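Here the structure comes first, spelled out in structure tokens, and everything after it is commentary.
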Amino acid sequence: MQIRVTVNGTAHDSDVEPRTLLVHYVREVLGLTGTNIGCDTSSCGACSLHLNGEAVKSCTVLAVQADGCEVTTIEGLAQNGEMHPMQKAFMENHALQCGYCTPGMVMAATSLLNENPNPTEEDVRLGLEGNLCRCTGYHNIVQAVLAAAGGR
Amino acid sequence: MIPAAFDYVRAGSAEEAISLIGEYGEDAKFIAGGHSLLPLMKLRLAQPTVLVDIGRISDLSYIRDAGDHIAIGAMTRHMDVETSPVLAEHAPLLAHAASHVGDPQVRHRGTIGGSIAHSDSASDLPATTLAMGATYVAQGPGGTREIAAADFFQGFLQTALAPDELLTEIRVPKMGGAGWSFQKFNRRAQDWAIVGVAAWRRNGESGVGLVNMGSTPILATSVSAALSSGASIAEAAELAAAEADPQNDLNASPEYRVHLAKVLVRRALEQASA
């Protein structure tokens, strides 16, 4: 099926099988491998990206469902070579260890701040309930999100 | 994991969706947000030959004050239920329960209609709307009909919907200041409830719905009957599992689920009565 998806500001016309998952579309068709596949069962959040500005788990969205939509992946956050404030906050707060959950964490966290610009620590912990860090580095991740919120 | 191959068509209206599902027959399925169906398809537990996408039918996404009840379009997402000022005022139990569905990413995609039509007894909103005495509106080739929530859930993942009927609206009575509580017991934040309880109470009336205590969501009518006859909360909570038939799984034995139901119903009623 023919779809048009705008990814990180660029429109892509693609012919995909209806069963193609959005995460496979961005990784394998568009080559944007920053979005990771973790559990593949909509539990871990590693594949989180923004669909029309909101975080979703791209392992549980069909590419055809994103037809006509705007997608932002981790590659689309930096502007003009300048890291997004959330990416900077993750770096400055040492909010990653192995880094596998990080793209999904950053996408979920930016979506969270779009909806709640001034979250409490509990808001951040609840807001990231859909993202698992197997290094259990949650403390610094929460600090990074709070720092990013405070810096806006 | 990748689903088995299927054809995909997108419906622009409820009428078109019903016409398409009639055209493609029983192996076709409606897909809304897809957060119940796609996981099953990826595991190949469901292999529809055609998906009729109803997720773009914006006419079915709304929350309206309709006098004695709130009318919610079936394509309203959990996030919109959770954050609705209308529901916060008139049906806070439902808004709160919606905030416990999955996680924010899931709530950005999943819909109230999809959750109820899928009718997983472990889901939060079927039992919650059942406790509230909701009415569901189904549209088919011959028009629309209303189905009481108490008549809707007929077995494991089975509902009163005909194969060519589409759930279009959920009507929840206004709570009129009733006390309420939603209790969800699970091991991790985003998990399904091992047992959940949605309850409300106002004067002599009450409603108690149980999550994951049988093959369907359960209405704990014995609890409400006991309360109406003057039983204490502790006495009524002992009857929590009278209508239930809980299953055994990795998380809990039936006996443990019955214990949990009694504890959670007691807590819910105490909170709803405070």
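What follows is calculated from the coordinates using simple rules that are stated; it is not laboratory data. Quantities reported herein were computed from a predicted structural model and do not represent experimental measurements. All Cβ positions, even for glycine, are placed from backbone atoms using ideal geometry, and neighbour counts span all protein chains on display.
Remark: segment B:51-68, residue by residue, has Karplus-estimated 3J(HN,Hα) of 10, 9, 7, 9, x, 9, 7, 5, 4, 9, 10, 6, 9, 10, 7, 10, x, 8 Hz, where x stands for each Gly or Pro and the curve is 6.51 cos²θ - 1.76 cosθ + 1.60 at θ = phi - 60°. Between the listed residues B:140, B:250, B:226, the Cα displaced farthest toward the positive end of the dipole of chain B, a dipole computed from Cβ unit charges relative to the Cα centre, is found at B:250. Across peptide A:11-21, the average count of Cβ atoms from other chains found within 10 Å of a residue's Cβ is 3. Give me a single rounded figure for A:60-67: the average over its residues of other chain Cβ atoms within 10 Å of their Cβ. Across the residues of A:60-67, the mean count of other-chain Cβ atoms within 10 Å is 6. Annotation for segment A:98-144 versus segment B:226-274: alpha-carbon center distance of 35 Å. About its Cα centre, segment A:2-76 has a charge dipole of approximately 140 debye under the convention of +1 per Lys or Arg Cβ and -1 per Asp or Glu Cβ, with nothing else charged. Taking the DSSP bridge list for segment A:1-134 and keeping only pairs wholly inside it, about 90 percent are antiparallel. What you get for the protein assembly as shown, charging only the Cβ of Lys and Arg (+1) and of Asp and Glu (-1), is a dipole of about 880 debye around the Cα centre. For the residue pairs B:174/B:262; A:57/B:262; A:57/A:88, the C-alpha atoms sit more than 32 angstrom apart in A:57/B:262.
For segment A:28-35, putting each phi into the Karplus relation 6.51 cos²θ - 1.76 cosθ + 1.60 with θ = phi - 60° gives couplings of 9, 7, 8, x, 8, 8, x, 7 Hz, in residue order, rounded to whole numbers and with x for Gly and Pro. Label positions at residue A:139 and residue B:205, each projected 7 Å from the Cα along the C-beta direction, are separated by 5.1 nm. Projecting the Cα positions of B:181, B:38, B:58 onto the charge dipole of the protein assembly as shown (unit charges on Cβ atoms of Lys, Arg, Asp and Glu, taken about the Cα centre) puts B:181 furthest along the positive direction.
Applying the Karplus parametrisation 6.51 cos²θ - 1.76 cosθ + 1.60 with θ = phi - 60° to the phi angles of segment B:141-146, what ³J(HN,Hα) value in whole Hz is obtained for each residue in order, glycine and proline being reported as x? Once rounded to whole Hz, the list reads x, x, x, 10, 9, 9.
Under 13 Å between alpha carbons, and skipping anything fewer than 8 positions from residue B:42 in its own chain: which aspartates and glutamates qualify? Qualifying aspartates and glutamates at Cα under 13 Å: A:40. Summarising the strand pairing of chain B, around 85 percent of its internal DSSP beta bridges are antiparallel. The peptide list B:78-89, B:27-38, A:48-59, put in order of mean Cβ contacts within 10 Å with the highest first, becomes A:48-59, B:27-38, B:78-89. Over the protein assembly as shown, DSSP H runs of length four or greater, each weighted -39,500 (n - 2.57), average out per residue to a 222 nm ellipticity of -8500 deg cm²/dmol. Note on residue A:28 and residue A:80: the model spin-label points, each 7 Å out from Cα along the C-beta direction, lie 3.8 nm apart. So which trypsin sites (Lys or Arg not before Pro) in segment B:120-199 pass both tests, a DSSP loop state and at most 12 other Cβ atoms within 10 Å of the Cβ? Within segment B:120-199, the qualifying trypsin sites (Lys or Arg not before Pro) (loop, at most 12 other Cβ atoms within 10 Å) are B:187, B:188. For the pair residue B:62 and residue B:263, a Förster radius of 30 Å applied to the C-beta separation gives a FRET efficiency near 0.20, rounded to the nearest 0.05.
Label separation (residue A:91 vs residue A:39): 3.1 nm, computed from points 7 Å beyond Cα along the C-beta direction.
Enter the angle in degrees (range 0 to 90, nearest 10) between the Cα long axis of helix B:14-24 and the first principal axis of the Cα atoms of chain B, meaning the one along which they spread out most. Between the helix axis and the principal axis of chain B, the angle is about 70 degrees.
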